[in-house]
1. Scan the stretch B:84-94 for residues that are within 16 Å of the chain's Cα centre (by Cα) and surrounded by fewer than 20 Cβ atoms within 10 Å (Cβ to Cβ) and report the count.
2. In this structure, does residue A:107 turn out to be under 26 Å from residue A:142 (Cα atoms), modelled with pLDDT of 95 or more and facing chain B (nearest Cβ under 10 Å)?
3. Among A:63, A:32, A:95, A:70, which is the only one that is touching a residue at least 60 places away in the same chain (Cβ under 8 Å) and assigned to a helix (DSSP H, G or I)?
4. For the stretch B:63-98, give me each residue that is within 19 Å of residue B:142 (Cα to Cα) and without any contact (Cβ under 8 Å) to a residue 60 or more places away in the chain.
5. Would you point out the residue of the stretch A:85-103, among those that are within 14 Å of chain B (Cβ to nearest Cβ) and closer than 17 Å to residue A:188 by Cα, that is surrounded by the most Cβ atoms within 10 Å (Cβ to Cβ)?
6. For the stretch A:37-49, which positions are out of contact with any strand residue (DSSP E or B) (no Cβ under 8 Å at 6 or more places or on another chain) and either modelled with pLDDT of 95 or more or facing another protein chain (nearest Cβ under 7 Å) (or both)?
7. Considering each residue of the stretch A:214-223, count those that are loosely packed, with under 13 Cβ neighbours inside 10 Å and not in a loop (DSSP other than H, G, I, E, B), and give that number.
8. Quick one: would you say residue B:19 is part of a helix (DSSP H, G or I), out of contact with any helix residue (DSSP H, G or I) (no Cβ under 6 Å at 6 or more places or on another chain) and modelled with pLDDT under 90?
């Protein structure tokens, strides 16, 4: 990963689908913004120009492991060069709902060469804080299905033909990703949060850690 | 680089030849060539990707040939490819053509992105790589598996040269295109800058923004920028030539002369392998 010193701070959340990480980073964002701090939030796979291609690819199931990987790297590069890096230079607290680690685990579970994937994202700086939300797969599955009737094709890893039903496939696919996340936890210094617990308990843990590692007063918005 | 050359040498030593019968799987829309069955073609079994490659692909099942024609806009690539296709299909080989920016996945978005001119070099680079990967997996590899001749109107070398001219890290670029399959032949149509300008004006009476490298701020003058950019591209092609060993073809000659050269080279590729083996 790139070693650049920025005035700002980068906080990323990672975890499998349904681990509750998006809820947690939204609550963190609320809390930071309520203190009138300079905060910028960015989500995986959200660059406008690239998104239409990604959603077309997903809808028509056109994506292979390699193009899946490359299109997400394109999306990330666009956000990194035009938003994340400039915001970090400008001294913002940048919050990322998923970061390059998502690509590391997803793409390699799909069979891409790990060195190839790592080099692809080598321009990205290491976050100052990375939270890994670790929940049991049953819990994750339950969270997703309480919000909508069915699992999505790619989120269930149906392109990998692991199991005939989406639920079974989800458990195998997301299970492999969770393993990979845990494997790289020390190398990249993830802070692991027990994501089986209540939303409130997790959030208070997250806020405590952020407050202890960042001098928040440095990020105050000009009056 | 040194280790690469060594491995190439080793490979040549190991190369074995097998007899393949093509012509039985000619495309349905080419039925008029159906009488050309049982055409004998020698193929090498030793194939490889440049680097990481595409997961799950067994290169030994890729029986067809991949022929790449590279060169700047105005170097005569499409004319030469059209002539090669006529000749190859006339002699009973099923062909498939690919080029840059033709993928179903991202070609539209790529065009939009180019027109908006607000993406970073890295993003553009990855967009093009996605487009390339999509065609590699959905067109090139299946066609080669079916024993067809694939003619590529530009391949990774143009993309790499552009990335390098725009200042991207060479190691990063090399890794990115490690997904690509090593072609059976790469012809680089070399044309002087003056001739390129002449041909571009004859064709459209204007210069293309990107082919003139206007995003690089080399000059406010389009004509001057075009010359400078093409010069830089040629330098990068020359560097890449040392690593990827293309055949450089002097394309300042007439269409017919260039075609004759290419035809001869492709013929060699199709039939001459026995002698190198012995």
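The values are calculated or read from the model by the stated rules, or taken from the named source; none is laboratory data. Bear in mind that the values here come from a model prediction, so they are computed numbers and not experimental data. Backbone-built Cβ (ideal geometry, glycine too); neighbour counts: all protein chains shown.
1. Residues flagged as within 16 Å of the chain's Cα centre (by Cα) and surrounded by fewer than 20 Cβ atoms within 10 Å (Cβ to Cβ) within the stretch B:84-94 amount to 1.
2. When the stated conditions are applied, residue A:107 passes them.
3. Being touching a residue at least 60 places away in the same chain (Cβ under 8 Å) and assigned to a helix (DSSP H, G or I) holds for just one of A:63, A:32, A:95, A:70, which is A:32.
4. Matches in the stretch B:63-98: B:89, B:95, B:96, B:97, B:98.
5. Checking each candidate, the answer is A:100.
6. The one that is out of contact with any strand residue (DSSP E or B) (no Cβ under 8 Å at 6 or more places or on another chain) and either modelled with pLDDT of 95 or more or facing another protein chain (nearest Cβ under 7 Å) (or both): A:49.
7. Selection size over the stretch A:214-223: 2.
8. Spelling it out, it is not the case that residue B:19 is part of a helix (DSSP H, G or I), out of contact with any helix residue (DSSP H, G or I) (no Cβ under 6 Å at 6 or more places or on another chain) and modelled with pLDDT under 90.
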